[in-house]
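Written below as structure tokens is the structure these notes are about.
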Amino acid sequence: MSTETTVVEEIIPFDRNGTESSMDFAKRVVMQLYKLCNREIFSTVGVYPNSDTLKACKTNGVTWDRLMPHIWYNITHRPGRALYVNGVLVYGGTCQPPSDELLAAIKAVKHTYCTAPYH
């Protein structure tokens, strides 16, 4: 599996042309992330195609019960934006792989509280 699609091989990437709906994908990813991370607050980072620093990205702290709709929203309403959850790429959007420096910054994001409402 290529690193352009996913950072952790346990996460099977979303195929926009496949048969799986974005909601089913979000459910599957939440279960996989919970097994991998086992946290109460998940740190998400939305990376826009022109993002070159963490400051140009959108970060959120998301509770377990809000993670599935958060992933679904990002796939459905932010299709160009890549989404990382706890440093794991769950949706690549239309972005190129980030620089090593940006990827290290994404993996370092650790929210300790829920940042809802998200924007």
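A few remarks follow.
- Value of D in µm² per second that Stokes-Einstein yields for segment 22-108, Kirkwood Rh from Cα pairs, at 25 °C (0.890 mPa s): 192
- With both labels modelled 7 Å from their Cα along Cα-to-Cβ, the TYR118 to TYR73 distance reads 0.6 nm.
- Calculated FRET efficiency for the pair LYS55/ALA104, C-beta based, R₀ 25 Å, to 0.05: 0.95
- Share antiparallel - DSSP beta bridges, segment 22-108, percent rounded to 5: 100
- Sequence of MET31, MET23 once ranked by neighbouring C-beta atoms within 10 Å, starting from the fewest: MET31, MET23
- Charge dipole (debye, nearest 20) of segment 22-108; +1 at Cβ of Lys and Arg, -1 at Cβ of Asp and Glu: 180
- Point-charge dipole on Cβ atoms (K/R +1, D/E -1) for segment 59-119, about Cα centre, debye to 20: 120
- Here TYR113, TYR118, TYR91, TYR84 are placed in order of increasing Cβ neighbour count within 10 Å, fewest first, which gives TYR113, TYR118, TYR84, TYR91.
Bear in mind that the values in this text are calculations on the coordinates, not laboratory data. These numbers come from a predicted model, not from an experiment. As a convention, Cβ positions derive from the backbone with ideal geometry for all residues, glycine included, and neighbour counts pool all protein chains shown.
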